[in-house]
Structures are given as C-alpha cells and as structure tokens.
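Notes to accompany the following structure.
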Amino acid sequence: MATTQPIRDKKEIQALVNYYLYKGELRNYLLIVMGLYTALRISDLLRLTWDDVYDFRANCLRLSFSIKEKKTGKVKIVALNKEVLKALAKFKNSTAVMPGQPLFQSRKTKGAIGRTQAYRIIKQASNSLALSVPVSCHSLRKTFGYHAVKAGASPAVVMEIYNHSSYAVSRRYLGLNQDEQNQVYWSLALLG
C-alpha cells in the first residue's frame, strides 16, 4: 500500500476540486473542498451537520464553527474561507437543508456517508484524473498543511491546526524534509 502524500501540484488540486463541480455532484465537490481547506480528519468532516456551517436563525452561512476532534478529544475552531463558503453556498442552493441534517448526507439513508464512501468519492476523482501521487481522504488534510507551510504559514500555527505534539511530527507528516533535501540536490551548481 502506498503512503498517503499531500498533493503538491496546484494544477492537480484544481482538477480534483473541479472534477465533481463540473459533473454537478455538489455534495462530493463540497467534500473535497472542505477536506482541502479545513484540515479536518475525514472522521470529523463526516460528522458535520448543517447546523455547524449554517445559522438557521440568521439565514446565513457561518464564518467558523467549533468541533471536538474525535481522535484527540480537543475542541478546535475552524474558520471557513471564501472557497469553502462558495462551495457551501452552491450546495445549499441545490438542495433542501434542515437543522440537524448531515452535511454529507447519504443518498440512501438519512445519515451521513461513511468513511468508505468518502474514500470512493475521492479515489474515483483521483483515478479519473490520473494524479501523480496516491490520493486518499487523508491526502486532503496533508495537502492543506503542505501548501500552508509553502505559502509562509508559521510552522507553529500549522502544528496547532493539526494538534501535533511537535513541529518535527508535522514536518514528517507533510513530507517537507524530503522536499527540502530534494531542493538542495536540484539547486546546487558546482560546475560552471
């Protein structure tokens, strides 16, 4: 089994995001967008309801929400950026939503889709696009951190977002050390 890696190529990320958008499968599109931009584990993402992201009293999308992480038991606040808000608005406008309804509702039951179905959704898109790295649900979470660090985000902040015990753990998790080593190999000019 291949190790899950972040998606490093931004063109591949864009293709992955657009895959279900162009098919009109907005739930699946939202799953990928939220996976990329919230850094949540799939187990936490699939527990979200419309109440988490939509204020029914004010009739508007929330700009953030809090969630108690299933794995760590820690409460974290997740801010929703413009890409997530755009995806949420598209999906909300395409379907009837109710308080308490799972955000990623199964088409067969009233409950949320499971981890296996989420994996199938992501894998189908990545296989159809022939992405350069093996992609799974966890790839979305890793992609967030990888690009955050590459864009100049504080390593301490990324570590906190992930709830890792140290930045060394986050670096290994994201494969940053190998990228930095590769850059040294590629950029060294000893001759000429």
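No lab work stands behind these numbers, since they all come straight from the coordinates. Keep in mind that this is a model prediction, so the values were computed, not measured. Heads up, the Cβs are rebuilt from the backbone with ideal geometry, glycines too, and the neighbour counts pull from every protein chain shown.
Table for the structure above
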| item | result |
| --- | --- |
| Residues W186 and A156, FRET efficiency given R0 of 30 Å [Cβ-Cβ distance, rounded to 0.05] | 0.60 |
| J(HN,Hα) series, region 137-144, from Karplus relation 6.51 cos²θ - 1.76 cosθ + 1.60, nearest Hz, glycine and proline x | 4, 5, 4, 5, 4, 5, 4, 3 |
| Nearest-20 debye value, the chain charge dipole, Cβ charges on Lys, Arg, Asp, Glu | 580 |
| FRET efficiency, 1/(1 + (r/R0)^6) with R0 25 Å, evaluated for K86 and R57 via beta carbons | 0.65 |
| Hz values of 3J(HN,Hα) by residue in region 39-46 - Karplus curve (6.51, -1.76, 1.60), Gly and Pro given as x | 6, 7, 5, 4, 4, 7, 4, 6 |
| At R0 = 25 Å, FRET efficiency that the Cβ-Cβ distance of R172 and Q14 yields, to 0.05 | 0.40 |
| Contact order normalised by residue count of region 25-126, Cα under 8 Å, 6+ apart, percent | 34 |
| Net charge of neighbours whose Cβ lies under 9 Å from the Cβ of Y146, counting Lys and Arg as +1 and Asp and Glu as -1 | +2 |
| Low-density loop cleavage sites - chymotrypsin sites (Phe, Trp or Tyr not before Pro) in region 16-99, where at most 15 other Cβ are within 10 Å (DSSP) | F56 |
| Within region 1-38: backbone nitrogen closer than 19 Å to the A130 label point (7 Å, Cα to C-beta) | 8-20 |
| Around L174: net Lys/Arg minus Asp/Glu count, Cβ-Cβ under 12 Å | +4 |
| Contact order normalised by residue count of the chain, Cα under 8 Å, 6+ apart, percent | 30 |
| Prolate/oblate/rounded label for the chain (Cα gyration tensor, a/c 1.5) | prolate |
| Under 12 Å, Cβ to Cβ, from A125 - net charge with Lys/Arg +1 and Asp/Glu -1 | +1 |
| Positive-pole candidate from S94, G111, S66, dipole of the chain, charges at beta carbon | G111 |
| Reachable lysines, given that their alpha-carbon falls under 17 Å from the alpha-carbon of K142 and they are not under 8 places away in the same chain | K10, K11, K71, K123, K150 |
| Angle in degrees between helix 176-187 and the longest Cα principal axis of the chain, rounded to the nearest 10 | 40 |
| Neighbour count of at most 10 Cβ within 10 Å plus DSSP loop: longest trypsin sites (Lys or Arg not before Pro)-free window in the chain | 111-192 |
